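Peer 1: Sharing a structure, written as structure tokens. Questions coming.
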């Protein structure tokens, strides 16, 4: 009985540690991409259909120049832009994390693809 209580205690501690680790990992930026929740989506029709995205995480770590120091850019005239926009809206509405890959060295941190898991 005592052994099973210790095993259950260890299992609970492992689960708690795993949840904490995944939460702290979920909102981060790296030189090529960010993984986080969508904080803001700003579309500008007169600027050629550009959409600006603010994602949780320190975008200064990206290997690009963010717009206003905090926003990534989704060009509206590229093939697949509507699909990326749909993913951004779904992520923001559900509060789920999304991964955004940027074009290395781009001015405006151009988003080239996104990943949205369960």
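What follows draws every value from the coordinates through simple rules; no lab data is involved. Every value quoted in this text rests on a predicted model; they were computed, and no experiment measured them. Counting neighbours? That spans all protein chains shown, and the Cβs are built from the backbone with ideal geometry, glycine included.
Peer 1: Sort out which residues of the range 70-87 are part of a loop (DSSP other than H, G, I, E, B), over 22 Å from residue 27 (Cβ atoms) and in contact with a strand residue (DSSP E or B) (Cβ under 7 Å, 6 or more places away or on another chain), and write them in order of number.
Peer 2: Answer for the range 70-87, where residues must be part of a loop (DSSP other than H, G, I, E, B), over 22 Å from residue 27 (Cβ atoms) and in contact with a strand residue (DSSP E or B) (Cβ under 7 Å, 6 or more places away or on another chain): 75, 76.
Peer 1: Output the residues belonging to the range 33-48 that are surrounded by 15 or more Cβ atoms within 10 Å (Cβ to Cβ) and over 10 Å from the mean Cα position of the chain (by Cα).
Peer 2: 41
Peer 1: Just to be sure I understand, how many residues within the range 88-118 are assigned to a helix (DSSP H, G or I) and surrounded by fewer than 17 Cβ atoms within 10 Å (Cβ to Cβ)?
Peer 2: Residues meeting the conditions: 4.
Peer 1: If you don't mind, another one. For the range 62-87, enumerate the residues that are within 17 Å of residue 36 (Cα to Cα) and exposed (fewer than 12 other Cβ atoms within 10 Å of the Cβ).
Peer 2: Listed by number, the list holds a single entry, 69.
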